[in-house]
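Student: Take this structure first; my questions come after.
The values are calculated or read from the model by the stated rules, or taken from the named source; none is laboratory data. Only a predicted model underlies this, so the values are computations on that prediction, with no experimental measurement involved. Here the Cβ is made from the backbone with ideal geometry for all residues, glycine too, and neighbour counts use every protein chain on show. The area values use the complete protein model at the heavy-atom level, side chains included, leaving out ligands, DNA and RNA. Shrake-Rupley method; radii C 1.70, N 1.55, O 1.52, S 1.80 Å.
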Amino acid sequence: MPRLQLALCALSLLLSLSHGGDGRSRSCGDVRQAYAAKGFSLASVPHQEISGEHLRVCSQGYTCCTSEMEDRLSQQSKLDFESLVEETSNTLRTTFVSRHQKFDEFFLELLENSQKSLHDMFARTYGKLYMQNSEVFQDLFMELRRYYTGGNVNLEEMLNDFWSRLLERMFQLLNSQYHFTDDYLECISKYTDQLKPFGDVPRKLKAQVTRAFIAARTFVQGLMVGREVAIRVAKVNVSPGCSRALTKMLYCPYCGGTPDVKPCANYCQNVMKGCLANQADLDPEWNQFIDAMLLVAERLEGPFNIESVMEPIDVKISEAIMTMQDNTMQVSAKVFQGCGHPKPAGMGRSARGISDVFNTRFRPYSPEERPTTAAGTSLDRLRIVWKTMQHSVTDIKEKLKQSKKFWSTLPDSICTTGGATSSDDEHCWNSHTKGRYFPEVVKDGLTNQLNNPEVEVDITRPDTLIRQQIMALRVMTNKLRNAYNGNDIYFQDSSDEGSGSGSGSGCTEGCTTEFDFVTTEVPVVGADRSDGRPVTGSAPHWSPATPWAAAVAALAVLVVQQQWR
């Protein structure tokens, strides 16, 4: 018996020394408190340390963790990581969401005001004649709106059609003593380019409007794509290797009885670089996308001044009408020569002269004559909205610059935000115990994770979602670069169902092909609005959702003139 007692005492002493020399198991009080603070039940938490052979991630020495605790902490580490990525990228997402919405709203308001300005001016100047033919102008704004909101519209063809229709209507009004068949009217439209009845206005207007709208639509598309990429990429896919590494970094200190010890900075970097390797691979394409956005922003920011705003599209079209009125005799003679002499109108129609048809020649409004709205005159409102939009573009540019290299710096941002890591390099959690972390920090990207000491990463299997977003950015960057040079890229619409997102100005005519193959499922343009219906019909529509197309036509038209030459 004495020998047995002696052996037991020796074993007890050995266990005591190996466990800290205090002769008893250490308390798990701090762990219980920290664990409860996470919202977990304390039913499975030991009061004293126990043997850890059951643990699969943390050290199997003496521990304050049961298997149930380790599983719960593993799930919590995944949630914590997802939350960290969400919070750290929140500013980026907010930038694209809010700036896209504001820019879209400003441009839509510009279009609304421009359309109303034309309506007010023409109704006042031409009276019943305009009202009887107002659908020609309404259709112009509707098509500009449809282009901006993602419709498959060829701007040049649409503008050519507008001038042809206007020529047909005016030719009949100026020659009301004759009867014109549909075939005759079609013949008239063929002489539009040759006769130049509206002077040089159509050519200049077409150049200005197309340049401005290409830049505006593509820019707002870019904001939409940037928004969707940021939202999707922030939804991280946590691999088993990443989950294990996160648990080891964030919660194995709990199992070791030191829940207050934070990870070493470089240790955190390696874990995050491994878990966010695919996101870092997005960075090169993201940076090129941002550079292209900044280029197009320069086109929108440009030297737009008050003089150009004071000569919007309504003034230009009215100038064209006056030009044709002044040259009606020559134009009519050439048409009669080319298309034949029309038959006189029936007895029911009176032969009216030009002065009877256009009994009020266009003249600029004096201040007291301008049609007023609740916000002042239409032109005053246009100027205010345009200035606001200019400030918006400047603000967007600054935010875009700040977003460069976002994805490659995301690991560092997470590790340095909110005291996530210890500031003491000598007394921090190094994946095993409290002490210094010696391994070097690996480089960014998937291929560099082969030698990551903390995270097991399969570099042969890139994340599919990330690759899709890389392709979406590549397509958008190409469109932006073309827009900067004044070129549009037309894509065949893939469906007539729209985006299904409820966005008022996105994919009203079906989402474009380039985003189908990357499954972005996002409307190409337009801020999210409650009314997701496509614009149809030719009746006047003065709601706030009326696109800014013509506004930009009005403002862009005379505005972009200097910049795009």
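Student: Based on the Cβ-Cβ distance of Asn451 and Thr94, what FRET efficiency does E = 1/(1 + (r/R0)^6) give at R0 = 45 Å, to the nearest 0.05?
Tutor: Numbers: r = 36 Å, r/R0 = 0.80.
The calculated FRET efficiency here is 0.80.
Student: Can you tell me which lysines have their Cα less than 26 Å from the Cα of Lys434? Leave out same-chain residues fewer than eight positions away.
Tutor: Lys38, Lys78, Lys248, Lys262, Lys273, Lys443
Student: What do you reckon, how do Met324, Met471 stack up by accessible area (1.4 Å probe), largest on top?
Tutor: Details: Met324 0, Met471 65 Å².
The most accessible residue leads, giving Met471, Met324.
Student: Find, among the trypsin sites (Lys or Arg not before Pro) in the range 208-249, those assigned to loop by DSSP (not H, G, I, E, B) with at most 13 other beta-carbon atoms within 10 angstrom.
Tutor: Those that pass, being in a loop and sparsely packed, are Lys235.
Student: While we're here: Residue by residue through the range 56-67, which ³J(HN,Hα) values in whole Hz follow from phi under the Karplus form 6.51 cos²θ - 1.76 cosθ + 1.60 (θ = phi - 60°), with glycine and proline marked x?
Tutor: Values per residue, Gly and Pro as x: 10, 10, 7, 4, 8, x, 4, 8, 9, 10, 8, 4 Hz.
Student: Tally Lys and Arg at +1 and Asp and Glu at -1 over the other residues with C-beta under 11 Å from the C-beta of Leu79: what net charge comes out? Can you show the working numbers first?
Tutor: Values: positive: Lys38, Arg72, Lys78; negative: Asp80, Glu82, Glu86.
Here the count lands on 0.
Student: If the reach is capped at under 23 angstrom between alpha carbons, list the lysines near Lys479, excluding any in the same chain fewer than eight residues apart.
Tutor: Lys102, Lys206, Lys397, Lys399, Lys401, Lys404, Lys405
Student: Going through the range 409-461, which GluC sites (Glu not before Pro) have at most 12 other Cβ atoms within 10 Å and a DSSP loop state?
Tutor: Working: sites: Glu426, Glu440, Glu454, Glu456; in loops: Glu426, Glu440, Glu454, Glu456.
Listed in order of number, the matching sites are Glu426, Glu440.
Student: Just going by the charge dipole of the range 140-197, with Lys and Arg at +1 and Asp and Glu at -1 on Cβ, which of His179, Tyr148, Met158 is farthest out on the positive end?
Tutor: Of the listed residues, the answer is Tyr148.
Student: What's the local net charge at His427, with K and R +1, D and E -1, over the other residues with C-beta under 14 Å away?
Tutor: Details: positive: Lys262, Lys434, Arg436; negative: Asp260, Asp424, Asp425, Glu426.
Counting the neighbours of His427, the net charge comes to -1.
Student: Is there a quick way to get the dipole size of the range 65-212? I mean about its Cα centre, with the Cβ of Lys and Arg at +1 and of Asp and Glu at -1; what is the value in debye to the nearest 20?
Tutor: Roughly 920 debye, rounded to the nearest 20.
Student: Apply the Karplus parameterisation 6.51 cos²θ - 1.76 cosθ + 1.60, with θ equal to phi minus 60°, to every residue of the range 109-115 and state each ³J(HN,Hα) to the nearest whole Hz, in sequence, with x for glycine and proline.
Tutor: 5, 4, 5, 4, 5, 5, 5
Student: Chymotrypsin sites (Phe, Trp or Tyr not before Pro), restricted to the range 22-78: which are DSSP loop and have at most 11 other Cβ atoms within 10 Å? Walk me through the intermediate numbers first.
Tutor: Numbers: sites: Tyr35, Phe40, Tyr62; in loops: Phe40, Tyr62.
Filter output for the range 22-78: empty list.
Student: Counting Lys and Arg as +1 and Asp and Glu as -1, what is the net charge of the other residues whose Cβ lies under 12 Å from the Cβ of Pro259?
Tutor: Working: positive: Arg32, Lys38, Lys262, Lys434; negative: Asp30, Asp260.
Result for the local shell: +2.
Student: Okay, next question. For a quick check: with amide H placed at 1.01 Å from N, whose amide H comes under 5 Å from Tyr437's, ignoring anything fewer than 5 positions away on the same chain?
Tutor: none
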